[in-house]
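The values are calculated or read from the model by the stated rules, or taken from the named source; none is laboratory data. Here the structure is a predicted model, which is why all the values come from computation and not from measurement. Note that we place each Cβ from the backbone using ideal geometry, even for glycine, and neighbour counts take in every protein chain shown.
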Amino acid sequence: MDEQGQNNPKAQAMKAEATRWLVFFGVAAVLAVVMWLGWSLVNLRNPITSLSSLTSESTMSVGIAGDAPKNLDIRTEQGDEVEQALLGNVYETLVSRSDTNKLQPGIARSWQASDDGLTYTFTLQSNMTFSNGDKLDASDVVWSLQNTVNNQYVDADQLGDLKEITNPDENTVVITLNQPNPRLLRALSGRAGIVYDEQNDANYKNTAVGSGPFTVKSSSSSQIVLQRNDAYWGSTKAACGQIVLYYYSSESSMVNALKGGKISMAVPLSASSAEALQKQSGITVDNGVGFDKVLLAFNSANESPFSDEQIRKMTRFAIDAASIAKDAKDAYAALGGPIGPLEDGYEDLTGLFPYDLQQARQLRSYFGANYIATIDLLVPKEYEQIGNTVKSQIEQLNIGVNLEVLDTAAEVTERMNAGTYNIALTTMSDEGDASVFTNGQSVFHFENGDVQQAYANASAATNDTDYQARMRDYARTVSENAASDWLYARKTFIAVEDGVQGYPKNMTDRFLPLSRLE
């Protein structure tokens, strides 16, 4: 600057002002760098991988149709209620399952089976803890499995013929069997695979100490309050701070609670309630699939006309199962066999007995006009329309049908147990219940050597690939022998307030994982 500028007060003031701004921007830049470094260091320890890992302190209210568990002891309490509330929420299992019932890592991040199917080696996740802060390691797994077997807790029989359970180190568990059990991993994704805290001596009936994303804050005869486990070892915490499970003695009262805003989610729903709620503003109705299979059960006992294989096949050809499934409001998909779409060994078998009245009449011609007496057909009131359809289709074969409409499905089951039926429209609801067709003493009274051998072959499989293939063979053999007429897999319905996200859709009558609900 020249001498004139140095002596100019205005120029000196401008220079001082510029200096102050340079200092300000310099300090701001340094602070920004420091803040960025601090944020980065924090997130190296707690990375935000996605928006789904964000949490809130909000409370969600979920309505469940049915009774609350009598107590919280999932080891001994029978029924699906305690499993639905606690499994996957409070308690975790050695192996887990996806929303489509596929096996996936749980407390074990990986596993390996020996070629002979007798030894399973599990490698556990790292840095696991229970909700009370106790460390979870291989010793807890071994202790839990041993207690389940020794005390014969619920589903202990599914673990098969155990020889030994060991933990060579804190991150490894080895299960040795006396004979192959291809369903072992599936069993370890249910109650039999829950890992409990060996150090916990609390009363399990009113306290639940698990390793899951929630803890039980309180419970009563009408509700269970789940609270987020902020110390959860997993990478993703529960989205909601608290979830209240309200239990309703009737579906209508649960639906009214949803309409009135007391609850934000209602499950499970009947097809009729789901249809009505679809017209309700502010409510979204969704559906999935579970294990329920709607079928026409044939009584193959000696005194029943369905002891004859040709009569069973004739009847299957005469019944338009595909149309029944298409028109049924609760139908997820036509079935055709004893294994549902979420179960091991599923295959679409609807092509084995398509509707073919000509083929049915040809098989009918093998019998005299009066050889087949009037058939007794039992249906529950909710399926009376399907009952009328089946009645008219069988009558096309010049066979009389006596349709009995009973008030409830339970009454149909009671009659089946008593053996006083020929055909009954019923529902099979258990995972893996297809094995019932190997037992001639079951309500179906179906007995077939080829079927029994096919199931024995599946049970002897030493790996999952062979097991799946052999279960498909078994299901096909059962269906080819027309042990019953499987109509469709049933939908599961759920309703939520608009804007609710992260709710499960499949198997919701059994499993209700709520960690993503928000």
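In the stretch 410-449, which residues are among the hydrophobic types (A, V, I, L, M, F, W, C) and within 23 Å of Arg510 (Cβ to Cβ)? Spell out the reasoning first.
Taking the stretch 410-449 as the starting set, the residues that turn out to be among the hydrophobic types (A, V, I, L, M, F, W, C) are 410, 412, 416, 418, 423-425, 428, 434, 436-437, 443-444, 446.
Of everything in the stretch 410-449, those that are among the hydrophobic types (A, V, I, L, M, F, W, C) and within 23 Å of Arg510 (Cβ to Cβ) turn out to be Ala410, Val412, Met416, Leu425, Met428, Ala434, Val436, Phe437, Val443.
Got a number for residues in the stretch 322-333 being surrounded by fewer than 20 Cβ atoms within 10 Å (Cβ to Cβ) and under 30 Å from Asp466 (Cβ atoms)?
Number of matching residues: 1.
Test of understanding: among Ala271, Ala202, Ala257, which residue is surrounded by fewer than 18 Cβ atoms within 10 Å (Cβ to Cβ), under 21 Å from the mean Cα position of the chain (by Cα) and not hydroxyl-bearing (Ser, Thr, Tyr)?
Numbers: Ala202 fails: under 21 Å from the mean Cα position of the chain (by Cα); Ala257 fails: under 21 Å from the mean Cα position of the chain (by Cα).
Unique residue meeting the criteria: Ala271.
Does the stretch 438-484 hold any residues that are in contact with a strand residue (DSSP E or B) (Cβ under 8 Å, 6 or more places away or on another chain) and buried (at least 18 other Cβ atoms within 10 Å of the Cβ), and which are they?
Residues satisfying the conditions are Val443, Phe444, Phe446, Ser479, Ala482, Ala483, Ser484.
Evaluate the stretch 357-375: report whether one residue or more is surrounded by 14 or more Cβ atoms within 10 Å (Cβ to Cβ), in contact with an Asp or Glu (Cβ under 8 Å, 6 or more places away or on another chain) and modelled with pLDDT of 95 or more.
Among the residues of the stretch 357-375, not one is surrounded by 14 or more Cβ atoms within 10 Å (Cβ to Cβ), in contact with an Asp or Glu (Cβ under 8 Å, 6 or more places away or on another chain) and modelled with pLDDT of 95 or more, which makes the answer no.
Taking into account only those residues within the stretch 110-134 that are part of a strand (DSSP E or B) and aromatic (Phe, Trp, Tyr), which is surrounded by the fewest Cβ atoms within 10 Å (Cβ to Cβ)?
Step one: filter the stretch 110-134 for residues part of a strand (DSSP E or B), giving 110-113, 119-124, 129.
Applying the additional criterion that residues be aromatic (Phe, Trp, Tyr) yields 111, 120, 122.
Details: Trp111: 19, Tyr120: 22, Phe122: 24.
In this case the residue turns out to be Trp111.
Of the conditions (1) assigned by TED's automatic domain parsing to the domain that holds Pro305; (2) surrounded by 21 or more Cβ atoms within 10 Å (Cβ to Cβ), Ser515 fails just one. Which one is it?
Evaluating Ser515 over (1) assigned by TED's automatic domain parsing to the domain that holds Pro305; (2) surrounded by 21 or more Cβ atoms within 10 Å (Cβ to Cβ) leaves (1) as the failure.
Among the residues of the stretch 123-135, is any within 24 Å of Ala461 (Cα to Cα), touching a Phe, Trp or Tyr at 6+ places or on another chain (Cβ under 9 Å) and not aromatic (Phe, Trp, Tyr)?
If we filter the stretch 123-135 for residues that are within 24 Å of Ala461 (Cα to Cα), which is where we start, we get 123.
From what is left, the residues that are touching a Phe, Trp or Tyr at 6+ places or on another chain (Cβ under 9 Å) are 123.
From the residues that got through so far, the ones that are not aromatic (Phe, Trp, Tyr) too are 123.
Looking through the stretch 123-135, at least one residue is within 24 Å of Ala461 (Cα to Cα), touching a Phe, Trp or Tyr at 6+ places or on another chain (Cβ under 9 Å) and not aromatic (Phe, Trp, Tyr).
Of all residues in the stretch 287-321, which are surrounded by 23 or more Cβ atoms within 10 Å (Cβ to Cβ) and hydroxyl-bearing (Ser, Thr, Tyr)?
Listed by number, the residues that qualify are Ser300, Thr315.
Do you know which residues across the stretch 262-287 are among the charged types (D, E, K, R) and either in contact with a Lys or Arg (Cβ under 9 Å, 6 or more places away or on another chain) or part of a strand (DSSP E or B) (or both)? Break it down stepwise before answering.
Of the residues in the stretch 262-287, the ones among the charged types (D, E, K, R) are 262, 275, 279, 286.
Passing the criteria: Glu275, Asp286.
Going by what's in this entry, would Thr492 be described as of a type in the set (S, T, N, Q), in contact with a helix residue (DSSP H, G or I) (Cβ under 8 Å, 6 or more places away or on another chain) and buried (at least 19 other Cβ atoms within 10 Å of the Cβ)?
Working: of a type in the set (S, T, N, Q): yes; in contact with a helix residue (DSSP H, G or I) (Cβ under 8 Å, 6 or more places away or on another chain): no; buried (at least 19 other Cβ atoms within 10 Å of the Cβ): yes.
Here the answer is no, as Thr492 does not meet what is asked.
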